[in-house]
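Colleague: Please see the structure below; I have some questions.
The values are calculated or read from the model by the stated rules, or taken from the named source; none is laboratory data. Quick caveat: nothing in here was measured; it's all calculated off a predicted structure. Cβ: placed from backbone, ideal geometry, glycine included. Neighbour counts: every protein chain shown. Areas reflect the complete protein model, heavy atoms only, side chains present, ligands, DNA and RNA absent. Shrake-Rupley method; radii C 1.70, N 1.55, O 1.52, S 1.80 Å.
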Amino acid sequence: MTVDVAIIGAGVIGASIAYHIQKTGATCALVDPEPVPRAPSATWGSAGGVRSQRRDPREWRLTVRAAQRWPSLADELGTDLGFISGGHLHVVDDPADTEALDARIAAERRAGIEVERLGTAELRMIAPGIGPAALAAGYTAGDGQADPQLTGMAFRRAATERGAVLYRGRARQVLEHGGRVTGIETDDGSVRAGTVVIAAGSWTASLLSSWGIHLPLELRVAQMILTEAAEQALNPTITWEGRRLSLKQTPSGNYLIGGGWQGVSSPLRHSYRLDPSAVRGSLAAAREAWPRLEELGIASVWCGLESESPDGVPYLGSLAELGAPTGLHTAVGFSGHGFQIAPAVGEAMAALVTGGDDGGVLEGLEPARALTCPDHTTGETSAAWRNAG
Ligand SMILES: Cc1cc2nc3c(=O)[nH]c(=O)nc-3n(C[C@H](O)[C@H](O)[C@H](O)COP(=O)(O)OP(=O)(O)OC[C@H]3O[C@@H](n4cnc5c(N)ncnc54)[C@H](O)[C@@H]3O)c2cc1C
């Protein structure tokens, strides 16, 4: 099979890239052993928060573009994504934090993010059951939640409807000739392509290192708790300054609690076990923020695996400067917040690899920054690693 672009990994990111490549008129193959997002992938485990505030400035252009796309994305892809625009509150409870809140909101507004400052009374009108400590908040009315698995599958389907080839296989090797990518070898044959994009989430680092390329990435074992269902009482999604908390109520009435609590990765790396103290810690933080959770039991707890970059923003672009053959790209390292930006990442990566105009939205996110950005564990840069290796 010969296509313009082969994409390794069909999570929400790879599938979005595939859809947008087909929209440009180029052709692609989307390679993944799984027919649907499966545990423990990030798209399978994701909380589905659609949040544009409190992002690194390097993600501002992506998040603004994504926020423009979410309201009409279901119509564009022709299927329900579970998107609900209930807003997002980032709450502060310490008067000492309000100055920083104001400064952040002002900077984000200048960047085009539609965020407002709410005082105590206004935020209690939007979230009447919020805990007594809530003092003020940044509020993005257009944010909300969507279903990550539905969204990932919607991008896959829309890509194949436009001619993308879904290839059920596991990529084993990148093929190259004369310093240029020529395709990939999978466990079920080869795909010929002049461009390859690796969007294999938490599997990316080991794939790259088996091909001799080091990209600093750490495994996150992000924990989620789903409570029993209750009457609908919470419209916005909530995060809280200084607390490891993200909270939302799903359309079925269950509360979904996350915010950075971690499970424990197994020695095999692609499985995990729960850490009971993290479950207790997460529940306690959520109950303080939303006291009516005291009455609800836990329905389930799981973790999704995600790659985190040392500076907390993704690597998006060519790997050539890290010693990879020309034509090898990646979209990885979403560090726990890649879902909201997925529509914009797909669009920009498609433009990048097909020679179109990405509108500058990928600036500052290039993988080449790993040459100067120290690794989490070793403290070394990719340049040092390459020199050592
Ligand atoms: C618990 C949790 C909660 C989150 N909550 C939010 C949130 O509220 N808001 C937000 O914006 N973001 C959130 N995120 C982040 C977001 O979900 C991720 O950034 C996003 O899903 C990443 O998608 P992905 O396609 O890069 O990776 P994945 O979904 O992990 O997909 C990688 C794919 O690669 C495939 N693959 C692996 N190896 C190979 C191979 N050799 N060949 C072919 N295919 C291969 C896998 O089968 C998999 O399908 C959360 C993440 C987690 C884990």
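Colleague: Got a sec? What order do 238, 126 fall in by accessible area at 1.4 Å, biggest, i.e. largest, first?
Modeller: Ranking 238, 126 by accessible area, largest first, yields 126, 238.
Colleague: Next question. So for each of 42-55, 345-358, 1-14 I average, over its residues, the number of other beta carbons within 10 Å; can you give me the resulting order with the highest mean first?
Modeller: 1-14, 42-55, 345-358
Colleague: Let me ask you something else. Taking the chain as a Gaussian network, where each spring joins two C-alpha atoms under 10 Å apart, which residue of 297, 169, 312 fluctuates the most?
Modeller: The residue that fluctuates most here is 297.
Colleague: If you put +1 on each Lys and Arg Cβ and -1 on each Asp and Glu Cβ, how big is the dipole of segment 24-144 around its Cα centre, in Debye rounded to 20?
Modeller: Roughly 240 debye for segment 24-144.
Colleague: If I histogram all Cα-Cα distances within segment 3-112 using bins 10 Å wide from 0, what percent of pairs lands in each bin?
Modeller: Per 10 Å bin, starting at 0, the Cα pair percentages come out as 11, 32, 34, 16, 6, 1.
Colleague: Find, among the trypsin sites (Lys or Arg not before Pro) in segment 106-176, those assigned to loop by DSSP (not H, G, I, E, B) with at most 14 other beta-carbon atoms within 10 angstrom.
Modeller: 168
Colleague: Report the one residue of 15, 223, 255 whose Cα lies farthest in the direction of the positive end of the charge dipole of the chain (charges on C-beta: Lys and Arg +1, Asp and Glu -1; origin at the Cα centre).
Modeller: Comparing the listed Cα positions along the dipole, 15 ranks first.
Colleague: Over all directions, how big on average is the projection of the convex hull of the alpha-carbon atoms in segment 165-269, in square nanometres?
Modeller: Over every viewing direction, the Cα hull of segment 165-269 projects on average to 10.8 nm².
Colleague: Once you list every other residue whose beta carbon is under 14 Å from the beta carbon of residue 238, what net charge do they have if Lys and Arg are +1 and Asp and Glu are -1?
Modeller: Summing Lys/Arg as +1 and Asp/Glu as -1 gives +4.
Colleague: Right, here's the next one. By what distance, in whole Å, do the Cα atoms of segment 167-211 stretch along each of the three principal axes, largest value first?
Modeller: Its Cα atoms span 28, 22, 15 Å along the three principal axes.
Colleague: Okay, moving on. First check a/c for segment 318-374, with a ≥ b ≥ c the square roots of the eigenvalues of its C-alpha gyration tensor; if it is under 1.5, answer rounded, and if not, answer prolate when a/b is larger than b/c or oblate otherwise.
Modeller: In terms of gyration-tensor shape, oblate.
Colleague: Could you state the principal axis extents of the C-alpha atoms in segment 218-343, from the largest down, to the nearest angstrom?
Modeller: 56, 33, 27 Å, listed from the longest principal axis down.
Colleague: Still on this model: Based on the alpha-carbon gyration tensor of the chain, what equivalent-ellipsoid semi-axes (square roots of 5 times the eigenvalues) come out, in whole Å, largest first?
Modeller: 35, 21, 21
Colleague: Here is a further query. Using a cut-off of 9 Å between beta-carbons, work out the net charge of the residues near residue 93 (Lys and Arg +1, Asp and Glu -1, residue 93 not included).
Modeller: Spelling it out: positives minus negatives among the neighbours equals -2.
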